[in-house]
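Below you'll find the structure, written out as structure tokens, and then a few comments.
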Amino acid sequence: MIEAKELSTTFQSLCGSEPRIYRAPARVNLIGEHTDYNEGFVMPAAINFSTWVTVTPRDDRVIAVSSENFQETFKFDLDDKTARERGHWSDYVRGVALTLEQAGYRLKGAQLQIRGDVPIGAGLSSSASIEVATGYALLQHSGFAIERIELAKLCQRAEQNFVGMRCGIMDQFVACHGQEGRALLLDCRSLEYELLPLPEDVRLVICNTMVKHQLAGSEYNQRRSECEEGVHHLARALPDVRALRDVSLADLEAHGRELPEAVYRRCRHVISENTRVLQAKTALENRDLSEFGQLMNESHRSLRDDYEVSCAELDLMVELAREAHGVYGARMTGGGFGGCTINLVKAESCTDFRDSVAREYERATGVAPEIYVCRAAVGVSEVAADSLSN
Ligand code: GLA
């Protein structure tokens, strides 16, 4: 993870003496996968991997961006509304700027330096992190105070309309609303949320299979269409159904038998996952981590067998975790098809867990995984330049 002091020094040398710096976190999802775009429930946490954006003013309407990670620069004119996505990291920046402008926020030109330590393509939502950090930075720079909820929605819109990924609201929402030491339970229909304290004696351990996922690839959007097909069919018998959120397993049993078999299973995953999230909330409130872990394990099974978004490496990583000591539960996290697992591990067992999972995963695949012990972190914020050197 990025050292604050190092960051401050680099930025100061690039921008002059008083840079304004903003940061937004990545996220890990504890439970509630592929439920957000079905108007259901999710329980992510913001984590201490971040994207940092430094802003210096320009007197025209040009946004000039340089990325330290990619060692690339690019610029665009805010008055050029004809931009199209290019399949490039800059799409996230340009998409957000364009979407903010379309929503009526007239932005000022700026020089942006972007740097991040979020593993890319690992299912930890580096995309929402860059969108929210950039959006917040551009708005602050242009003198707008915006509700966090509005920022999350506009960043989601940028990803859907500009980047072309029909994502839900979870990632952008938690990048805006995360809190230290808290998981966030979000109702993706009403956008009401609760911050749930995580016990101090457990750690969020993230295991990276090192298989890069390709979410913008057709699979994610295809799952969404399958869910919509399910809703369309079920609503004929159940007119109050607007989303899978409104369907129970009994409803699915009674009215879903004519659905294509794969669509039936997609619906079963979403419906059962929504129930698991609410049960997980109760378990967390009761400090029943064994129950919470069981629900994580069931979530993985359902994602693997019914939703079919896991892969051999994720399944292996989950199995190895379950063989280690001190683990309450393990599951894939994020969109799937590679990326990471999330493991709820007793604090005192973390080192052993890390060693044994890394060793066994490398033995089986020949690939050394990355394992991160994370803490739940705060959402997007301005970082005082002087606080960085602490
Ligand atoms: C991606 C999307 C989210 C969510 C997850 C799956 O991270 O951006 O909106 O749908 O996949 O739970």
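The values are calculated or read from the model by the stated rules, or taken from the named source; none is laboratory data. Bear in mind the structure is a predicted one, so any value in this text is a computation, not a measurement. Every residue, glycine among them, receives a Cβ derived from its backbone with ideal geometry; neighbour counts consider all protein chains shown. Note: areas computed on protein heavy atoms with side chains; ligands, DNA, RNA excluded. Shrake-Rupley method; radii C 1.70, N 1.55, O 1.52, S 1.80 Å.
Screening Ser218, Ser225 for residues that are among the small types (Gly, Ala, Ser) and closer than 20 Å to Ser272 by Cα leaves exactly one candidate, Ser225. For the stretch 55-71, a tally of residues being open to solvent by less than 70 Å² (accessible area, probe 1.4 Å) and either of a type in the set (A, V, I, L, M) or in a strand (DSSP E or B) (or both) returns 8.
Out of the residues in the stretch 303-340 meeting the condition of being β-branched (Val, Ile, Thr), touching a residue at least 24 places away in the same chain (Cβ under 8 Å) and farther than 19 Å from Pro119 by Cα, tell me which one is surrounded by the fewest Cβ atoms within 10 Å (Cβ to Cβ). Residue satisfying both the conditions and the ranking: Val327. Picking from residues in the stretch 134-149 that are of a type in the set (A, V, I, L, M) and away from the ligand (no atom under 16 Å from the Cβ), the one that is farthest from Pro369 (Cα to Cα) is Ala145.
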